[in-house]
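What follows is calculated from the coordinates using simple rules that are stated; it is not laboratory data. Since the structure is predicted, the reported quantities are computational estimates derived from the model, not experimental observations. Cβ: placed from backbone, ideal geometry, glycine included. Neighbour counts: every protein chain shown.
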Amino acid sequence: MMRLAPDPGSAPPELWTDDWWSTFLTSPAVAGFAALLAAVIGIYVARGRARTDSDLARDQRTESQRAALDARRAAVDDARAARWWQMYQWTLDRIDVLDPDRVQILLEALEKQAPGDPERALVSVAGDLLVSPGAEDGETDGG
């Protein structure tokens, strides 16, 4: 027959014996150890989850900042390209009216500020539109 509680006057059983296990497993101490073990496991799980959430939030914040920076850069690039296009059109509109030397200076400035290769090609084409003073009189470069 299994004893549920030790006799008050008897000595406690030796550790790790069958009597000790039967006494221990039926005592409130098992519930305390189980609660302590569950709490420790819960703490580790909660800390791991908090660390993961913190890392995820930091990554999302970094990605959001990078996307915002990319959007700002794209907006600045678009504004520069639009401004360049306006200056290019202004120059083309006045290519026949302005002094060819001044137009050449404008075209060189436009070429330096061109956002890309296609725009530089446009400047080159505009340079070809310049009429040299000798060409107006019917002279050619070949002589």
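On inspection, residue 101 passes the criterion of being loosely packed, with under 10 Cβ neighbours inside 10 Å and in a helix (DSSP H, G or I).
Per the conditions (1) under 57 Å from the mean Cα position of the chain (by Cα); (2) of a type in the set (S, T, N, Q); (3) part of a loop (DSSP other than H, G, I, E, B), the sole criterion not satisfied by residue 54 is (3).
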